[in-house]
Structure formats: C-alpha cells, structure tokens
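Take a look at the structure set out below.
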Amino acid sequence: MTDPPIHNLGMSDTEYATLLTKGYNPDIERQMIQVGESPDQARKLTQLVGLLQDKPPETEEEWEEVMSIWEEACGYRPDFD
C-alpha cells in the first residue's frame, strides 16, 4: 500500500512542532478538506480538536487558548454564564 501524498500544511517546522505538542493531527485537517471544508477552517477546527481530545483545559491560560481558537473557528465565543 502506498502512503498518501503529503499535504502542504503551509507552516514552518517550528509551527508544526508546536501544534503537535497540543494534539494537532494533520490527518484530521486533510480529511476535513476532503469533505469540503476550507483549508483555513480545517486548520482551526483541527487545532480545537487537538486541544480538547486528551484532557479538558485546567488553567486560565489553557482555557483562553481554547476559547480563542473556538472563536476563530466558529465565529463566536461561548458564554457559559
């Protein structure tokens, strides 16, 4: 079986390594693009999935990062009040 072609992620190695430490999975991004999501939106949604997949955010900084990416991806910031 042949490996699929490498998707051009449009980021530096440093950016990629940083995202990997936060649970980023390029396969999810590629799959979202294949089903019609724009590359920019697929990247944002993949980052959000990566931040939430292993454990919930615990610190204020972690929550702010999740909320910031959520707002970029979804167009609004959830209000839990």
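Extending 7 Å from Cα along the Cβ direction at Gln31 and again at Glu58 yields two label points whose distance is 2.8 nm. Taking 0.36 nm per residue of separation and subtracting the Cα-Cα distance, full extension of the segment from Glu71 to Gln41 would add 9.6 nm.
Within the chain, the selection of entire DSSP H helices by a Cα span of 18 Å or greater along the long axis and an average Kyte-Doolittle value of at least -1.0 returns 39-52, 60-74.
Compute a Gaussian network model of the chain, connecting alpha carbons closer than 10 Å, and tell me which residue from Pro57, Pro39, Pro26 fluctuates the most. Judging by the Gaussian network model, the answer is Pro57.
With contacts taken as Cα pairs under 8 Å and at least 6 residues apart, the chain reaches a relative contact order of 24 percent.
From most to least packed by mean Cβ count within 10 Å, the peptides 18-25, 59-66 give 18-25, 59-66. In the chain, the alpha-carbon atoms span a convex hull of 118 Å³ per residue.
The trypsin sites (Lys or Arg not before Pro) found in the range 23-68 include none that occupy coil by DSSP while having at most 15 further C-beta atoms within 10 Å.
Readers should treat all values here as calculations from the given coordinates under stated rules, not as data from a laboratory. The model shown is predicted, which means the values in this text are computed figures rather than measured ones. With ideal geometry, Cβ positions are generated from the backbone for all residues, glycine too; neighbour counts draw on all protein chains shown.
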